[in-house]
Amino acid sequence: MENIQNLLKPKVKEFDINFSNKSNPEIFNINYDLWTLKITLSFNDHPSPVYIIFKNVIGFRVLDEGNLLEFWDSNVRVPGWIWKIESGGWFELEKLRSGFLVQNHSISHNEYLISGINDCVSVISESEPIIIDIE
């Protein structure tokens with residue numbers, strides 16, 4: 001079990017969002033329609049919602065931030081509220097299962113973590129997120 005814990009030590013980097021608000025948002029809506037995953041965010045100091053859209057989604061999960069303690073370690077945590085997971089995330093965990101067939105595809109998959117005030121969303125996708133600020 002100790003070797004698995006070493007494998008799953010997260011390595012993350014801040015995803016460049018080109019968006020001035022750096023505070024963590026409230027995730028208040030998630031919509032998935034087989035083609036796209038749309039996550040709606042609200043910021044305390046931002047008057048309008050912000051949308052994050054993922055295409056070609058392999059999977060997503062929603063967890064309370066208290067169930068992702070390994071990401072809050074000062075050696076792991078980076079600035080921002082959306083991170084690209086380079087290793088040690090949910091995707092790495094899924095790859096331990098022989099039934100997780102995506103790991104055998106030649107298409108590159110990426111994992112992202114959206115860190116909300118109360119909830120977090122992990123997304124495994126073939127494409128980068130699109131961030132839309134309607135302000």
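The values are calculated or read from the model by the stated rules, or taken from the named source; none is laboratory data. It should be emphasised that the depicted structure is a prediction, and the values quoted were computed from it without experimental measurement. Positions of Cβ are generated from backbone atoms using ideal geometry, with glycine treated the same way; all protein chains shown enter the neighbour counts. These area figures cover heavy atoms from the full protein model, side chains too; ligands, DNA and RNA do not enter into them. Shrake-Rupley method; radii C 1.70, N 1.55, O 1.52, S 1.80 Å.
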Exercise. Scanning for something at positive phi and open to solvent by 30 Å² or more (accessible area, probe 1.4 Å), does segment 107-122 turn up at least one residue?
Worked result: no
For this session: Check off (1) at pLDDT below 90; (2) of a type in the set (Phe, Trp, Tyr); (3) under 17 Å from the mean Cα position of the chain (by Cα) for Phe100 and give me the number that stays unchecked.
Result: (3)
Exercise. Does Gly89 satisfy the condition of being of a type outside the set (D, E, K, R), more than 12 Å from Ser122 (Cβ to Cβ), within 15 Å of the chain's Cα centre (by Cα) and surrounded by 13 or more Cβ atoms within 10 Å (Cβ to Cβ)?
Worked result: no
Seminar exercise, completed: Of the residues in segment 13-59, those that are touching a Lys or Arg at 6+ places or on another chain (Cβ under 7 Å), of a type in the set (A, V, I, L, M) and open to solvent by 70 Å² or more (accessible area, probe 1.4 Å) come to none
Exercise. Just wondering, is there one or more residues in segment 77-85 that are in a strand (DSSP E or B), loosely packed, with under 13 Cβ neighbours inside 10 Å and touching a strand residue (DSSP E or B) at 6+ places or on another chain (Cβ under 7 Å)?
Worked result: no
